[in-house]
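Colleague: Please find one structure pasted underneath; my questions will follow.
The values are calculated or read from the model by the stated rules, or taken from the named source; none is laboratory data. These numbers were taken from a predicted model, which means no experiment stands behind them. Glycine gets a Cβ as well: all are built from the backbone with ideal geometry, and neighbour counts include every protein chain shown. Keep in mind that these areas ignore ligands, DNA and RNA; they rest on the heavy atoms of the full protein, side chains included. Shrake-Rupley method; radii C 1.70, N 1.55, O 1.52, S 1.80 Å.
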Amino acid sequence: MAPIDQVHLNFNPSSLVALNAVLGLVMFGVALELRVDDFRKALKTPKGIALGLIGHHILFPAMTWCLIWILNPTPSIALGMILVSSCPAGHVSNFLTHYARGNAALSVSVSALSSLVALVMTPLNFAFWGNLHPITHDLMRAIAVSPAEMLQVIVLLLGLPLGLGLWVSHRYPRFAAKAQKPMKIFSLLVLVSFIIGALGANYRYFLEYVRFVVFVVLVHNCLALGSGYLFSSMVGMAERDRRAITFEMGIQNSGLGLILIFDFFNGLGGMAIVTAWWGVWHIIAGMTLASFWRKRDPYRGAGQANAMADGITGK
């Protein structure tokens, strides 16, 4: 069995073009659910917005860098961890927040802003933390990824679909309202199908090497979810807002991560496997946590003060 850092997963170029289109469709569907009023409500919770963005784009990548020192994975797995932590929030976080009886408006607003900020922060975070850590530094130099080139791809995959979706939701609100649910179901199913297809085309490699990333992804994802709840608790946010921030920090856009890996890293084994497994695992972990919270009243134990706090947040 070859070292995982020497493995390059295979992905048909035509399939990659289709996957790019699917991710664009997913982001368009997310934007159909956004309204100007959502952002007005979000402005009533500047603390939640600030924590969601800072936690996602600054704190989590920094914590990932520290975690790599502790776990000491192989370079390609470490680089995959950095890429995952640099991606924006995954759109599944909005569904999980709603299902968990959290502040869905805050979740949607943070996700949308996270995707916009990611146009710049994803390539910058990846380049900064990837070059800073000695485990990944040499691999970064060998790959020689240009942040400017990555920025162009992210603008095409995220920026244009989000802008078009926001325009459609504003110009044709009735159509957007009718299209939301089928678009969400269709795009999610297709995206999951492509992830499974990518794994299926490389099932031999995945079966051989997945054991190297299971524990890493488990710890990494628990760090993201746990720190989201911890930080939001430390700044005194209401329980429903804590649940939203938890999922915003713990659910990453692994679909974007996979596309970047096949676009820029030629399917580098450790990166691709850790990112693909993250895409499977964070849904399992997220649904488990959301189901646990769904059975628990977010106002229980906090009384009127918590309810008033949620009222102030505009939800």
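Colleague: Please list SER169, SER193, SER291 in order of solvent-accessible area, largest first, computed with a 1.4 Å probe with all protein chains present. Don't jump to the answer; show the numbers that get you there.
Modeller: Values: SER169 5, SER193 70, SER291 40 Å².
Result of the area sort, largest leading: SER193, SER291, SER169.
Colleague: For GLN252, which sequence-distant residues (separation of 5 or more, or a different chain) have an amide H within less than 5 Å of its own amide H, given hydrogens modelled in the peptide plane?
Modeller: GLY90
Colleague: To continue, here is another question. Rank by packing, highest mean first: peptides 273-286, 97-110, with packing defined as the count of other Cβ atoms within 10 Å averaged across residues.
Modeller: Values: 273-286: 23.1, 97-110: 25.8.
Per-residue Cβ counts within 10 Å, averaged per peptide and sorted highest first, yield 97-110, 273-286.
Colleague: Something else now. Suppose R0 equals 45 Å. What FRET efficiency, 1/(1 + (r/R0)^6) with r the Cβ-Cβ distance, do LEU207 and LYS295 give to the nearest 0.05? Please report the intermediate quantities before stating the final value.
Modeller: On the way: r = 36 Å, r/R0 = 0.80.
About 0.80, to the nearest 0.05.
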